[in-house]
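Working notes, beginning with the structure itself.
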Amino acid sequence: MKPSLLMLFLALGGLLCSCKKEKTAAAPIVEFSSAPSKISPDLIDEFSGKKAYQHIEALEEFGPRPPESTGYAKSLQYLEKTLKDFGWTTTRQSFRGITPVGPVKFTNLLARYGESTDWNQSVPFIIGSHLDTKRYSNIRFMGSNDSGSSTGVLVEMARVFATDPSAARQIELVFFDGEEAMLRDIDPRRDGLYGSKYYAAELTRRKNKPQAGFVLDLVGDLKVPLHVGLDSTERLKTLAGKAVAQLGLEKYVKSARHPCLDDHIPLLQRAQLPTLHLIGDFAAMPYWHTKNDTLKNVSPKALANSAKLTLKVISLLTE
């Protein structure tokens, strides 16, 4: 999802295409989960951008969240406790990844509603965000928008879904570790997307797979448009366009004009999962990947816009 990579896409015209060759290595396709039951659009009105913002504030009390850091460990504990309070069960998906700076232990956090769950069976929908912040040695990078914003949105979504248990049981929340590259930019083969790559590979080992996935990133800035990812699944892009019109979000949501490397790519390619990617236009964020990515750039209204769009598309999928 990095701006320099977008320029590289335009210059080389084939980087993302080269990634798609990985499809040949995908595991045999498994069956989809059972068809989802109706999820009411009324849940949209339950979402509070203010409460999502408060979760971002809470996470920032722990400091930066690069992989293996104290801040990341405390953030995991906060999410586990908060989600448990909302009635969700969590499990840590830990693994050791090979990076350009050596082996690193990564930990994804998965959550489902209820006291017990069979993680070998999928539920209809996955909603994901990365939890980690980019690792810097010379600045205190808080990542309020990248990745605090989308993390706060998912936690508030957990509260909203819990008001309708039948809807909540159809959702799996995923907080990815290691989205950020160890070096400057994500390299589709060597650096970045560690957690989503691992999660996608594990998804192919389940007895079935979800109906659709949603990946949110950089969703907190009201001053720049939220992009519907160009490389999202066509049907989901169509439904997103319908949802934008019905919610009156045309001022805030636009269609991306360029492909983007983010956590949706392993879901699309490795897991062959229909996925919708929603990401803020980081090319229009001068503070992106600098010490200025702070809470002053995050708006409760922007958080609510991204959540309501996601919830609306899920509702449309279950009509």
Index of the failed condition, residue 27 passing every other in (1) open to solvent by 40 Å² or more (accessible area, probe 1.4 Å); (2) modelled with pLDDT under 50; (3) part of a loop (DSSP other than H, G, I, E, B) | (1)
For the range 291-319, what are the residues that are open to solvent by less than 40 Å² (accessible area, probe 1.4 Å) and more than 22 Å from residue 54 (Cβ to Cβ)?
-> 312, 313, 314, 315, 316, 317, 318
Evaluate the following for residue 164: is it among the acidic types (Asp, Glu) and touching a residue at least 60 places away in the same chain (Cβ under 8 Å)?
-> yes
If you take the residues of the range 67-97 that are β-branched (Val, Ile, Thr) and out of contact with any strand residue (DSSP E or B) (no Cβ under 8 Å at 6 or more places or on another chain), which of them is nearest to residue 183 (Cα to Cα)?
-> 70
Among (1) closer than 23 Å to residue 280 by Cα; (2) modelled with pLDDT under 95 - the single one residue 131 does not satisfy = (2)
Residue check: is residue 276 under 23 Å from residue 154 (Cα atoms), among the aliphatic types (A, V, I, L, M) and assigned to a loop (DSSP other than H, G, I, E, B)?
-> no
Identify, please: which residue in the range 168-186 is within 10 Å of residue 125 (Cα to Cα) and among the charged types (D, E, K, R) and is, among those, most open to solvent (accessible area, probe 1.4 Å)?
-> 169
Quickly run through the range 49-65 and pick out the residues that are part of a loop (DSSP other than H, G, I, E, B) and either within 16 Å of residue 297 (Cα to Cα) or in contact (Cβ under 8 Å) with a residue 24 or more places away in the chain (or both).
-> 63, 64, 65
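The values are calculated or read from the model by the stated rules, or taken from the named source; none is laboratory data. This structure is a prediction, so every number in the text was calculated from the model and none was measured. Reconstructed Cβ throughout: ideal geometry from the backbone, glycine too, with neighbour counts over all protein chains shown. To get the accessible areas, we keep the full protein, side chains included, count just its heavy atoms, and leave off ligands, DNA and RNA. Shrake-Rupley method; radii C 1.70, N 1.55, O 1.52, S 1.80 Å.
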